[in-house]
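S.K.: I have a structure here, written as structure tokens, and I will follow up with some questions on it.
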Amino acid sequence: MKRDAEILVGVDGSAASMHALDWAAAEAKVRGRGLHVVCSYTLPSFAAASLDGGYAALDDTAIQEGARAVLEEAGARVADHGIQVTTTVATGDAAAVLVELSRQACLAVVGTRGKGGFADRLLGTVSSTLPAHAYCPTVVVPLRDARRGGAVPQDESVPVVRPVRRIVVGVDGSPQADLALRQAIEESVAWGAELSAVAGVPVGAGAGVMAWLPAAVDQTQVLADVTEGLNVVVDRALADFPGVSVRRHVLDGTGAELLTEFSTATDLIVVGSRGRGGFTGLLLGSTSQAVLHHAACPVMVVTNRCQPAQADGQDAEAATA
């Protein structure tokens, strides 16, 4: 996380955003960070027949007052956390506003009702667009009812945020996964949480992915090799965190399947993703995208942009992408 930077959270007055706010406030408290709460709105317009092919914009006074009311509610909601809170009313697309503000943030947090499907992935919602483009790690907090495991109906109260006691991070040997692993270690230290690093290898019958391998290939040896690689990666990351322990698991299955399953018994999933600029950046990688849309607990996405050097030189990167 960026030194001394605030935690950024977007709110819109919905139960999902208030649940994300609660999570962000708890994170800010354990991290000793300030909280920057943002409410963004886009001024609607309509075709005006009286104008010469133009458009008439509505007066934004009422909308702006509504946004301020949302921020007042948000401020009151986290007032007893003992953290510094700043608020901003912004105009423009919510995802674009949060992406730009993420340049100065150490973490961005948004909520979702957990109903993401193909249309959301194609068109892009805040919870699917921000993780791909943010300049800091992004946490997407699903609105779930822990008692039933499903989405909370709109007319029900916001569920209580649970402390982060168990964290699972996906590791596949990629540079993005290495960044995610380091971020997960920092989270485990801050929360005093148990951390598990998981690598998925689909070797089981019916997995299909490794069915093309020659019969002479020893799948047991494949698992042993992946286990050795996982240990090397984790031990290297832990060199900067003396005294921290990480459980390691190499399991049969894909990363998306395993992390989604772990999310039902875990408080935070951490996953890496390329998150490049341009059209490819509109959609995250298959693993991070699948986990975001199906996880039962908050998911942290860490991309290349989360590196300080990447954030500083992003304009040049986008030009060459």
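S.K.: Compute the FRET efficiency between SER174 and HIS81 as 1/(1 + (r/R0)^6), taking r as their Cβ-Cβ distance and R0 = 45 Å, and round to the nearest 0.05.
M.R.: On the way: r = 36 Å, r/R0 = 0.79.
E between SER174 and HIS81, to the nearest 0.05, is 0.80.
S.K.: If you don't mind, there's one more thing I want to ask. Taking 0.36 nm per intervening residue step and subtracting the Cα-Cα distance, what contour gain separates ALA224 from ASP60 on full extension?
M.R.: Details: separation 164, 0.36 × 164 = 59.04 nm, distance 6.16 nm.
Contour length minus Cα-Cα distance gives 52.9 nm.
S.K.: What's the extension gain from LYS29 to ARG165 if we count 0.36 nm per residue and subtract their Cα-Cα distance? Can you show the working numbers first?
M.R.: Values: separation 136, 0.36 × 136 = 48.96 nm, distance 1.52 nm.
The span from LYS29 to ARG165 would gain 47.4 nm if fully extended.
S.K.: Could you rank the peptides 99-109, 159-169 by their average count of other C-beta atoms within 10 Å per residue, with the highest value first?
M.R.: On the way: 99-109: 21.5, 159-169: 17.8.
Result, highest mean Cβ count within 10 Å first: 99-109, 159-169.
S.K.: First measure r as the distance between the Cβ atoms of SER14 and GLN307, then evaluate 1/(1 + (r/R0)^6) with R0 = 41 Å and state the FRET efficiency to the nearest 0.05. Walk me through the numbers before you get to the answer.
M.R.: Values: r = 32 Å, r/R0 = 0.78.
Calculated value: 0.80.
S.K.: Oh, and also: Report the full-extension gain for the segment ARG68 to VAL89: residue separation times 0.36 nm, less the Cα-Cα distance, to one decimal in nm.
M.R.: Working: separation 21, 0.36 × 21 = 7.56 nm, distance 0.67 nm.
Between ARG68 and VAL89, full extension yields 6.9 nm more.
S.K.: Which order, highest average first, do 36-42, 221-227, 296-302 follow once you tally other Cβ atoms within 10 Å for each residue and take the mean per peptide? Could the numbers behind the result be given before it?
M.R.: Numbers: 36-42: 21.1, 221-227: 14.1, 296-302: 24.9.
So the order, starting with the most tightly packed, is 296-302, 36-42, 221-227.
Here, each number is a calculation from the coordinates, and none is a lab measurement. Just so we're clear, the structure is a prediction, and the values are computed from it rather than from any experiment. Quick reminder, even Gly has a Cβ in these numbers, built from the backbone with ideal geometry, and neighbours come from all protein chains shown.
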